[in-house]
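A short write-up of the structure that comes next.
The values are calculated or read from the model by the stated rules, or taken from the named source; none is laboratory data. Fair warning: this is a prediction, and the values are worked out from it, not measured in the lab. Ideal geometry is used to build each Cβ from the backbone, glycine not excepted, and the neighbour counts take in all protein chains shown. Calculation scope for accessible area: heavy atoms of the full protein, side chains included, ligands and nucleic acids excluded. Shrake-Rupley method; radii C 1.70, N 1.55, O 1.52, S 1.80 Å.
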Amino acid sequence: MDADGADIIWNQFILGAALARIARPLLERDEDEIRFCYADTHSGSGRVPAPHCLDRVLARRGEFSSSAWFDALGAGSHHPGSWVLAARVAGALRKLAFEADINDLDGAVIEAAKGHREGGWTRFWSHDWFTFLRNRLAMEPRPNFVFIDPPPDDPRGPGYAMDAAILLDTLGIPYLVTYSARSETSPPQDAIDEIGRSGLELHGAGMGRGVLLGGGAETVVLDILTDLRHLAGLLGGELLVRLPRAIGDDYCI
């Protein structure tokens, strides 16, 4: 975990904004009930330790234009994990029926997750995450959003995440990928160049976290850049937007 749990807030703030952006247009469909299908490759139990810096950010809530993450936190002593946060974001849009496929290699974590469901329908998996993703994409309906959060100590994570991002972009499935942006690790510039998407990175003392959006989810980036600069400052760091390096190619942010 990065300093004071800032990585959790960084990932979740962007995740909440991206989910809301992708989910809202679905409400325009002329259907009584609309499914929003979410997939999480490294789900955890659905509860995470409350970040130490959380109160500092919540106290400045009125200074942010994006409210999806704030609205989804709710009350209580337990901080939501990513898939519980996703269920709350979708649940705020009353016409959506939330469905989730969540995966974690640790069977005990999945057993704990079964007791942390809050709404909608959830299917539990316990597989290697890339195998899980391939199998889930072969099922109908395909996910409306995929969250990929590889463990920072997994040496295969960056390569698999790059392959997954290219696949999801090809299929037009919105996604968010997290990565380590610490100075002591190799910079993910090659991956950014290969995927052709911009990385939103939080840098500062003890911090180094990046988020990459694609498959349509990148449309939220321009809307939240000002919020991310402000959030980075409250977390004791700064925002760095890592751009793809290419000549003669047009990239989406």
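At most 16 other Cβ atoms within 10 Å and a DSSP loop assignment: could you name the trypsin sites (Lys or Arg not before Pro) in segment 39-83 that fit?
Sites meeting the loop and neighbour criteria: 60.
Amide H to amide H, which residues 5 or more places from residue 36 or on other chains are under 5 Å from it, using H placed in the peptide plane?
97, 98, 99
Which whole-number percent gives the relative contact order of segment 61-211, counting Cα pairs below 8 Å spaced six or more residues apart?
14
If you average the sequence gap of Cα pairs under 8 Å that are 6 or more apart and divide by the length of segment 1-98, what percent do you get for the contact order?
Relative contact order for segment 1-98 comes out at 43 percent.
Calculate the radius of gyration of the Cα atoms of segment 1-65 to one decimal place, then report Dmax, the largest Cα-Cα distance, as a whole number, both in Å.
15.3, 46
For the chain, what class follows from the C-alpha gyration tensor (a ≥ b ≥ c being the square roots of its eigenvalues): rounded when a/c is under 1.5, otherwise prolate if a/b is larger than b/c, else oblate?
Rounded shape, in that the Cα axes give a/c under 1.5.
Can you give the longest run of the chain that contains no GluC sites (Glu not before Pro) sitting in a DSSP loop with at most 12 other Cβ atoms inside 10 Å?
34-183
With every protein chain left in place, what is the accessible area per residue of the chain in square angstrom, probe 1.4 Å?
46
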